[in-house]
Amino acid sequence: MNTMKTIWAVAIIVLTGALYAQNNIVCTEFSLSFDSRYMTYGVIDGKDTIFTPGATATFFDWAYIGVESIFDLTDGNGKRGGYGKRGFKYTTLDAFVGLAHEFDLGEKIGTLGVDVGYMYEYLPRYQGEVGDTQYFTAELSLGGHWLEPTLAFERDIMADDGTYVNFEVGHTFEICECFTVRPAIGQGIGNTLRTKGYFAGLEKVEGFDHGGLMDTTIKVDLEYAINDWLTLGAYIAYYDYLFDDKMREAAAAYNGEWGASEDKTWNFVCGLSLTASF
């Protein structure tokens, strides 16, 4: 239960930060997002819709601390996913801290964004099972160019010690002063521990034992600034496993656990979000 106390403490810190947002020492962000499916590494972790509230406080434009939680909107995800009926109950509760900043490297190089962090993911206990895990994360991005590359790194240090890397390239089109559209394409790579942690236990892919190219994502993000502090977002994304036959077989088997009609490598997913910044 100490973990729950820690997570709630993070939430209180974030909420307290909102009281001091006007002095520019602390900036706060509150978000609520809806996704038509719960996707991780391009495969289905929840067939039905989820919603995710979150809050983050950033101090001096460098350090941040936050909390977010995924909720099921139906009982179906929990029943099929093996963690019980959890309609309108949280399925994960994440507390995170980190350092993030943007560095202006000049007109030729552009703006370098650096983000390094730690996250503890708490899962509710079901039949005595503890599914918590922890992550170290890092992200590098380069702005100020027509193409905007992002390299994201994730290391699981509790569940399977797996490592996942995703490289994405996109471009932001400013349709008008308050509306942007950003198409992007990304490719995920997992080491053997990461892919085995997801796929090795599937009967249809017995003996799965290698890392490599995982999910390919084609995504379009839309953002509309309602006013100076409130933003409405939306996206549509296509996920697939394109480059590794064994990985494709594993992804299809993993998705197929959610029903015979899902026994495929690809998925279309969409979502909406509302973000308030102070």
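The values are calculated or read from the model by the stated rules, or taken from the named source; none is laboratory data. Remember, it's a predicted structure, so these values are computed and weren't measured experimentally. Here Cβ is always computed from backbone atoms with ideal geometry, including for glycine, and neighbour counts include all displayed protein chains. Note: areas computed on protein heavy atoms with side chains; ligands, DNA, RNA excluded. Shrake-Rupley method; radii C 1.70, N 1.55, O 1.52, S 1.80 Å.
Below are the figures for this structure:
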item	result
Solvent-accessible ranking of 44, 70, largest area first, probe 1.4 Å	70, 44
Inter-part distance where region 226-278 and region 20-90 are each reduced to a Cα centre, Å	15 Å
Candidate residues 126, 83: accessible-area rank, largest first, probe 1.4 Å	126, 83
Gain on full stretching of the segment that runs from residue 213 to residue 176 - 0.36 nm per residue minus C-alpha separation	9.6 nm
Gyration tensor verdict on region 92-229 (Cα atoms; rounded if a/c is under 1.5, prolate if a/b is larger than b/c, oblate otherwise)	prolate
Surrounding net charge for residue 144, when Lys and Arg each add one and Asp and Glu each subtract one, Cβ distance under 13 Å	-3
Area of residue 112 that stays accessible when all protein chains are in place (1.4 Å probe, Å², to 10)	50 Å²
Accessible carbon and sulfur surface of region 161-250 relative to its total accessible area, %, 1.4 Å	57 percent
Label-point separation in nm, residue 80 to residue 260, each point 7 Å along Cα→Cβ	1.4 nm
Dimensionless Rg over Rh [the chain; C-alpha; Kirkwood]	0.96
Accessible-area value, residue 119, 1.4 Å probe, nucleic acids and ligands omitted, Å²	40 Å²
Residue-normalised accessible area of the chain, given per residue in Å² at a 1.4 Å probe	54 Å²
Stokes-Einstein D in µm²/s, Kirkwood radius over Cα pairs - region 191-278 at 20 °C with 1.002 mPa s viscosity	143 µm²/s
Residue-wise HN-Hα coupling along region 147-153, computed from phi with Karplus coefficients 6.51, -1.76, 1.60 (Hz; x: Gly, Pro)	9, 10, x, 9, 10, 10, 10
Net charge of Cβ neighbours under 11 Å - reference residue 277; Lys, Arg +1; Asp, Glu -1	-2
Probe 1.4 Å - accessible area at residue 196, Å² to nearest ten	90 Å²
Residue-by-residue Karplus 3J(HN,Hα) for region 164-176, coefficients 6.51, -1.76, 1.60, Hz, glycine and proline x	10, 10, 10, 10, 10, 10, x, 9, 9, 9, 8, 5, 8
Environment charge at residue 100 (Cβ cut-off 11 Å; Lys +1, Arg +1, Asp -1, Glu -1)	-4
22 Å Cα-Cα threshold exceeded, pairs from 47/264; 89/204; 219/264; 196/264	89/204
Amide hydrogen neighbours beyond the local backbone of residue 215, cut-off 5 Å, H modeled	188
Approximate spin-label separation residue 277-residue 105, in nm, with each point projected 7 Å along Cα-to-Cβ	2.2 nm
Selection of GluC sites (Glu not before Pro), region 187-278, meeting DSSP coil and at most 11 other Cβ within 10 Å	206
